[in-house]
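Enquirer: Got a structure for you, written out below as structure tokens; questions coming shortly.
The values are calculated or read from the model by the stated rules, or taken from the named source; none is laboratory data. Model, not experiment: these values are computed from the prediction. Methodologically, a virtual Cβ is constructed for each residue, glycine included, from the backbone with ideal geometry; neighbour enumeration extends over all protein chains shown.
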Amino acid sequence: MGTPAKIRAANIGAARIVALLLLPIALSACAGSDEVKSITYTDDRGVANQPFPNNYKSEILSFMKTYLNNPVGVRDAVMAEPVQRVVGGRLRYVSCLRYSARDSDGNYREPRERAILYVDGRLDRIIENASEPCAGAVYAAFPDLEKMVR
């Protein structure tokens, strides 16, 4: 028989091996759980029949007032009315927006195109890389964005 110190060391070593063997099994059980949900700002149930965002213009103006560093003096603002598009594998209403905003030094940037995504009829988020969701968008002047104040 070994000394008590050797027996303890052998037990600790065996316990580590068992733990290492059981860890992947425990983690795979967590990964396969249907109860894990993502965090969103809206109650995105993933349904295909999304309601039309009736207040989209006022929601965009409110959002852009906080999104832009300087909402005063926006130029060349145009917007496309919301249309249904598949974004992230789900059918959503998307409105496209193009504008030139002022930098902190007062100079104007090149026009930027953004996609506004709606979930359950409310503005959910802005997509900065809007080339795909805004492909073929039909724009109209959006003078209210140019009239924003702080």
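Enquirer: Is it fair to say Tyr67 is of a type in the set (Ser, Thr, Tyr), at pLDDT 55 or above and in contact with a strand residue (DSSP E or B) (Cβ under 7 Å, 6 or more places away or on another chain)? Before you say what the answer is, go through the steps one by one.
Expert: Numbers: of a type in the set (Ser, Thr, Tyr): yes; at pLDDT 55 or above: yes; in contact with a strand residue (DSSP E or B) (Cβ under 7 Å, 6 or more places away or on another chain): yes.
It is true that Tyr67 is of a type in the set (Ser, Thr, Tyr), at pLDDT 55 or above and in contact with a strand residue (DSSP E or B) (Cβ under 7 Å, 6 or more places away or on another chain).
Enquirer: Can you name the condition, by its number, that Val138 falls short on among (1) over 22 Å from Arg150 (Cα atoms); (2) outside any loop (DSSP other than H, G, I, E, B)?
Expert: In the conditions (1) over 22 Å from Arg150 (Cα atoms); (2) outside any loop (DSSP other than H, G, I, E, B), Val138 misses (2) alone.
Enquirer: Considering every residue within the stretch 95-108, establish whether at least one is charged (D, E, K, R) and in contact (Cβ under 8 Å) with a residue 60 or more places away in the chain.
Expert: No, the conditions are met nowhere in the stretch 95-108.
Enquirer: Further, regarding this structure: Within the stretch 100-108, does at least one residue satisfy the condition of being under 15 Å from Glu146 (Cα atoms), surrounded by 15 or more Cβ atoms within 10 Å (Cβ to Cβ) and charged (D, E, K, R)?
Expert: yes
Enquirer: A further question on this structure: Select from the stretch 51-107 the residues that are of a type in the set (Gly, Ala, Ser) and assigned to a loop (DSSP other than H, G, I, E, B) and write down the one among them that is farthest from Asp120 (Cα to Cα).
Expert: For the stretch 51-107, the residue satisfying everything is Gly106.
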